[in-house]
Amino acid sequence: MRIPPFWISLLLLVIPIIASQPLSRWLDKPMAYYLLQQKMEEIKASMAERGKQLDTALSTQLAQFDFDCGAKDMVLLRDPRFYSTHIRLQGLELASGVNCSSLGVGIPLIKEAKKMGGLPGKFGLTATMDKFNTEQELVAYYKSGENIAYWVLDNSWSHDLLQHPCTNCFYLEFSQRDPAAMTTHFPRGNKAIKAEESSHSLSFFDQESMTKQTLWAGKALNDYARQQVRFYGLWIGAALGLLLTVSYWLLRNYRRSLKGLLQAGLIRREFIPFYQPVVNSRTREVVGFEALLRWRRGGELVPPGAFIDYVEEQGLILPITVQLLERVLTDLSSLAATQWVSVNLVAAHIEQPLLRNLLQQHQWPSPAQLTFELTERKPLTDIKSATSEITALQERGYHVKLDDFGTGYGGFAYLQSLGIRQIKIDKMFVDTIGTDDLKRSVLDAIIAFGRESGMEMIAEGVETQEQVDYLYRQGVYLIQGYVFGKPMPLQELLLWQQAFRRPHSETA
């Protein structure tokens, strides 16, 4: 049953959309992990940029502090260049006990930090006091003798960063790299995520701040990822469906237009034969040729693979063969009387009296020079009629070879039923010579069968002297392939024959 183009188009459009939704179940977790990685990279980039700005600001300030909480120090503490969005509060604690900060008055921040565990090193990080289970802030400090400068870092940037691309999807912990130095964590985001069974995390160490950052994600991010996969899957499925639909119509129109071009080519007689020589390897004589179909359109050759299958599918091979055969009959007079030309047939030529009628219209031309090749790559549907037609042709002196032997449907059964006495060994088997390919045994079996049955055997697709020598030792002497000559138009073929004969005559 042939499906109408409308329904084919509808199926091509809808199937990718429907198929995209079940696939989202397989992609939501990888998508969630990808989003977690992306968020971690975003946090690392933000921290790197933040660290760079803080390093510049702090080093500039430190170089200018008088460490006396005087006018100059207060100007520096409140200068917008230093008192930026990255710093919540900054101040000085002097050895004399005097304190000052960007608020004006000093605060006992460093004093409290010393009680919590001291301030190891000349430069480092500590934290604000933990009260009422609220979030703590990081505090950077620098010791200049007995004087201390400190900066309370504003970590609100991380809250904003954690709310994208979805709300409450991430939880971030800051902690010192050395757990012995400070056990306090600095949680940011939805803390409940860490306790979820499906939660997963990524960590990295910041060498500049000597802190460890751990980013957690769980069910909320998985749900968001699933929604994103479904959403984008829907759009990608729709885009793919649209692409398939458009491609189908373009291909359909192309094939329809190709049929028109082929029909126009028939009218303009653009289909011509190219001849590939068959050489007897024992005598080095050119005994015959295979006429291969070529389409010369607008002065250029169209590759056979672009139209051969289509012309067979559309039934155009029959009128094209008529045109080809007429050209071959004209060219026969330019060839030696002992040389034959083989024309390819399809099942339709011999399942009906089409070929017989055509030859009869031309008064049964040149049976000694005109032969035919029936491919077994496509099956015969009416063996009885085909046998009758081949028998009628043989009674008129025409020979029929079985092409592509061993590659298709009929094989030995065709030889027995159709009364064919000539076979062509396909390139598929010739290529196994000199290799360990398993089809090598098939080649040997075909050759053995041909010898025992008294078949005339032609090996096609022969490309190397090694293959020629092997076939010679096996009793296969008729060689067709690039090792001797490529398919050529008639005039080029005649020149090739002169050049091919010359070395042989000189040797003789």
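Any read-out appearing in this document is the output of simple, stated calculations on the displayed coordinates, not a laboratory observation. Note that the coordinates shown come from a computational prediction; the quantities given were computed from them, not determined experimentally. As a convention, Cβ positions derive from the backbone with ideal geometry for all residues, glycine included, and neighbour counts pool all protein chains shown.
Here are some notes:
- Using alpha-carbon coordinates, inclination of helix 383-395 to the longest axis of the chain, degrees: 50
- Phi-based couplings in Hz for segment 257-267 (Karplus 6.51, -1.76, 1.60; Gly and Pro marked x): 5, 4, 4, x, 5, 5, 5, 5, x, 4, 5
- Derived scalar couplings between HN and Hα for segment 239-249 equal 5, 5, x, 5, 4, 4, 5, 4, 4, 4, 5 Hz in order, rounded to whole Hz, by the Karplus curve 6.51 cos²θ - 1.76 cosθ + 1.60 (θ = phi - 60°), x for Gly and Pro.
- Per-residue ³J(HN,Hα) for segment 365-371, Karplus 6.51 cos²θ - 1.76 cosθ + 1.60, θ = phi - 60°, Hz, x for Gly and Pro: x, 6, x, 6, 9, 9, 10
- Relative contact order of the chain, taken over Cα pairs closer than 8 Å and 6 or more residues apart, is 11 percent.
- On the principal axes of its alpha carbon atoms, segment 186-336 extends 98, 43, 29 Å, with the longest extent given first.
- Leading residue at positive end of dipole, the chain (Cβ point charges), from Ile236, Ile446, Gly91: Ile236
- Listed cross-link partners Lys52/Lys143; Lys72/Lys111; Lys122/Lys212; Lys259/Lys378; Lys143/Lys191 are compared with a 30 Å cut-off, the Cα-Cα value being larger for Lys143/Lys191.
- Simple rule: put +1 on each Lys or Arg Cβ and -1 on each Asp or Glu Cβ in the chain, find the dipole, and look at Gln480, Gly104, Pro367; the Cα lying farthest toward the positive end is Pro367.
- Globularity index of segment 5-222, i.e. its alpha-carbon radius of gyration over 2.2 N^0.38 Å: 1.37
- On Cα atoms only, tilt of 317-331 relative to the major axis of the chain in degrees: 60
- Expressed in Å, the radius of gyration and Dmax of the Cα atoms of segment 31-122 are 17.1, 57.
- Scattering curve values for the chain, log₁₀ I(q)/I(0), Debye with Cα scatterers, q = 0.06, 0.09, 0.11 Å⁻¹: -0.60, -0.76, -0.98
- Given charges at beta-carbon only (K, R positive; D, E negative), |dipole| of the chain in Debye: 800
- Placing unit charges on the Cβ atoms only, positive for Lys and Arg and negative for Asp and Glu, gives segment 269-507 a dipole magnitude near 500 debye about its Cα centre.
- Length-normalised contact order of segment 269-507 in % [C-alpha pairs under 8 Å, at least 6 apart]: 20
- Least to most buried among Asp431, Asp437, Asp160 (fewest other Cβ within 10 Å first): Asp160, Asp437, Asp431
- Residues with amide H under 5 Å from that of Arg88, placed H, sequence gap 5 or more: Val152, Leu153, Asp154
- To the nearest ten degrees, helix 5-64 and the longest principal axis of the Cα atoms of the chain are 40 degrees apart.
- Selection among Gln263, Phe6, Ala192 by position relative to the dipole of the chain gives Phe6 as farthest towards the positive end (Cβ unit charges, Cα centre).
- Estimated [θ] at 222 nm from DSSP helical runs (n ≥ 4, -39500 (n - 2.57)) normalised by residues in the chain, nearest 500: -15000 deg cm²/dmol
- A Cβ-based charge dipole, computed about the Cα centre of segment 5-222 with Lys and Arg at +1 and Asp and Glu at -1, lands at about 300 debye.
- Coarse-grained scattering of segment 55-96 at q = 0.21, 0.35 Å⁻¹, given as base-10 log I(q)/I(0) from a Debye sum over alpha-carbon atoms: -0.64, -1.40
- Distant-in-sequence amide contacts of Glu463, defined by a placed amide H-H separation under 5 Å and a gap of 5 or more residues or a different chain, comprise Val483.
- Amide H contacts of Gly124 (H built 1.01 Å from N, under 5 Å, at least 5 apart or other chain): Tyr141
- Look at the alpha carbon pairs under 8 Å that are at least 6 residues apart: their mean separation over the length of segment 5-222 gives a relative contact order of 15 percent.
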